[in-house]
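Bear in mind that the values in this text are calculations on the coordinates, not laboratory data. Just so it is clear, the structure is predicted and the values come from calculations on it, not from any experiment. Please note: Cβ atoms are built from the backbone with ideal geometry, for glycine as well, and neighbour counts cover all protein chains shown.
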Amino acid sequence: MSAVLVDGKLVSQVLRDKMKCRVDAMLDRGVKPGLAVILVGENAASQVYVRNKVAACDSIGIQSTEIRLPVDVPERVVLENLVQLNNDPTVNGILVQLPLPAHINENLILETISPEKDVDGFHKVNVGAMVTGNAKFYPCTPHGIMMLLDFYGIPIEGQHAVVIGRSNIVGKPMALMLLEKGATVSICTSKTADLSMFTRQADIVVVAVGKPNMLEASMIKKGAAVIDVGINRLENGSLVGDVDYQSALTVAGFLTPVPGGVGPMTITMLLENTIRSSEMSRC
Ligand code: NDP
């Protein structure tokens, strides 16, 4: 058996084509959705992520504004920029690219973004809304994964989903979103004593750890849907996920590749949140 490849590039394109129609309709009414991205410092990976986000906005007609600040910028200046963007009616979404330099308080920054423009879905107001099932903006990576599961008709209700990782941006919101759809959810971390005891029972496994090959075939139930969030750069320069891809292919029912699985969906959901924010601001 070979797993069905869950093609994030393909699903992204289908969703982006639909989004472009929504943006075109807004442009016809003289409205242009806008996203502002703040990038602090010169982190190479962050620069690539921001470049990809800006290009994705451009490709469907969303106005993007990039604000680059030096690595030693005082926290106060970042906060002032955020207040200005919060008050700018042409900006519907605000994103601060993480990680931030150590002298900047990440929580303070995230909570200064207006919850109405928090297209990453990290503000505690939006996190609380998600916990109670009333989210305005879902965090982009788990939201993209939910869209992939839906596109491929992978059942969630009544299934056992195992999420490996408990970060605020992936693991925790992922677990909540699966729970909301009726899955029985286990969350595993570095403290979990016997990880494979959980994963071998899972109908859906989402791995968000950041360690190459940490989930291999012997840990996967036959036919399970395996979603690989990890992005790891090997010494030879190649990009791999957290799943031992070749061995998992022989056991899993569905499998996301890296690259080309979850990554493109994360950016697509950022576009979705920005368009939604623009639509909601005009209701
Ligand atoms: P974090 O480092 O914040 O979290 C990693 C989690 O993995 C932690 O909860 C940690 O547990 C857990 N963990 C570490 N080792 C083990 C282990 N041996 N067994 C079980 N759990 C373990 O990472 P992120 O959530 O931010 O990102 C995870 C990966 O996903 C990274 O590779 C990142 O680059 C990638 N990523 C990809 C995105 C995409 O769009 N494709 C978007 C965001 C992230 P503990 O809490 O106990 O330390």
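Could you tell me which trypsin sites (Lys or Arg not before Pro) in region 211-271 are loop residues by DSSP with no more than 12 other beta carbons within 10 angstrom of their beta carbon? For trypsin sites (Lys or Arg not before Pro) across region 211-271 that sit outside H, G, I, E and B with at most 12 neighbouring Cβ atoms in 10 Å, the list reads 222.
Here the gap between residue 59 and residue 31, fully extended at 0.36 nm per residue and compared with their Cα-Cα distance, gives a gain of 8.4 nm. Using only alpha-carbon positions in region 87-182, the gyration tensor eigenvalues give semi-axes of 27, 15, 12 Å once each is multiplied by 5 and square-rooted (largest first).
Hey, can you list the DSSP H helices of the chain whose Cα span along the axis is 27 Å or longer and whose average Kyte-Doolittle score is at least -0.5?
On the way: long enough: 8-28 (29 Å, -0.18); 262-281 (28 Å, 0.25).
Helices meeting the span and hydropathy rule in the chain are 8-28, 262-281.
By the count of other C-beta atoms within 10 Å, a proxy for reagent exposure, 7, 228 are ordered fewest to most as 7, 228.
Restriction of the GluC sites (Glu not before Pro) in region 40-111 to DSSP coil positions whose beta-carbon has at most 12 other beta-carbons within 10 angstrom yields 42.
Give the total of Lys-Lys pairs in region 140-263 with Cα-Cα distances below 20 Å; include a pair only if its members are 8 or more places apart or on different chains.
4
Sequentially through region 220-231, phi angles give Karplus couplings (6.51, -1.76, 1.60; θ = phi - 60°) of 10, 6, 4, x, 5, 8, 10, 10, 9, 8, x, 10 Hz, Gly and Pro residues having no value and appearing as x. The lysines within cross-link reach of residue 9, meaning a Cα-to-Cα straight distance under 20 Å and a gap of 8 or more places when in the same chain, are 18, 20, 53. Amide hydrogen proximity for residue 4: with H placed 1.01 Å from N in the peptide plane, the residues at 5 or more positions away or on another chain lying under 5 Å are 254, 255. For region 235-265, the residues whose backbone nitrogen is under 16 Å from a point 7 Å from the Cα of residue 44, taken along Cα to Cβ, are 235-240. I need the Kirkwood Rh of region 1-147: take the reciprocal of the average 1/r across all distinct C-alpha pairs and report it in angstrom. Roughly 16.7 Å, rounded to one decimal.
Taking amide hydrogens as placed 1.01 Å from N in the peptide plane, the amide H of residue 40 sits under 5 Å from those of 69, 97, each at least 5 positions away in sequence or on another chain. Full extension of the chain segment joining residue 246 with residue 51 gains 67.1 nm, where the gain is 0.36 nm per residue of separation less the Cα-Cα distance.
By counting other Cβ atoms within 10 Å of each Cβ, how are 199, 250 ranked from fewest to most?
250, 199
Applying both filters, DSSP loop and at most 13 other Cβ atoms within 10 Å, to the GluC sites (Glu not before Pro) of region 233-283 gives 235. By the count of neighbouring beta-carbon atoms within 10 Å, fewest first, 65, 274, 132 end up ordered 132, 65, 274.
Calculate the all-directions average of the projected area of the chain's alpha-carbon convex hull, and give it in nm².
Average of the hull's projected areas for the chain equals 15.0 nm².
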